[in-house]
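These notes are about the structure you will find just below.
Please treat every number below as a calculation from the coordinates, not as lab data. This is a predicted model, so every value here is computed, not measured. A quick note on method: Cβ atoms are made from the backbone with ideal geometry, for glycine too, and the neighbour counts reach across all protein chains shown.
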Amino acid sequence: MGIGCWAPGLSSIYDALDVEDRESVSAWGVRAEVSGVFLDEGGIARQTALDERMIVTRARVLTGIPTVLAVAYGTAKSRAVWSALNGGVVNGLITHASLARAVLDMPRSAGAPALERVAPS
């Protein structure tokens, strides 16, 4: 899965929408998207008017899959990656060291799974 930060140039969905749709999604507190699942800053999936216009795997399905890997690049996406991990939508991340460090340094919500550091061998 790809993780997008809800900002210009950091989400392919954000960039594909018109201003009205972007603002509508932003009004729901969306800060990240994972393959069309919109997440607020805490990682809670938010339903938007776009949900009926896209074919996606819903958040409740993703959280039930034992291993969901995401790919993200760039420290500008650190809050979005944190939201995806904190919300349990993804539970594995393929990225680079600076983004990994930025995410590992962020506080976790109560009840959120601990992050495990795994270095390449």
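Quick notes on this structure:
- Burial ordering of Ser98, Ser83, Ser24, Ser78, fewest other beta-carbon atoms within 10 Å first: Ser98, Ser24, Ser78, Ser83
- As a rough footprinting exposure proxy, the listed residues Glu41, Glu23, Glu52, Glu33 were ranked by other beta carbons within 10 Å of their own, and the order from fewest upward is Glu52, Glu23, Glu41, Glu33.
- Charge dipole (debye, nearest 20) of the chain; +1 at Cβ of Lys and Arg, -1 at Cβ of Asp and Glu: 480
- Neighbour counts of other Cβ atoms within 10 Å put Met1, Met106 in the fewest-to-most order Met106, Met1.
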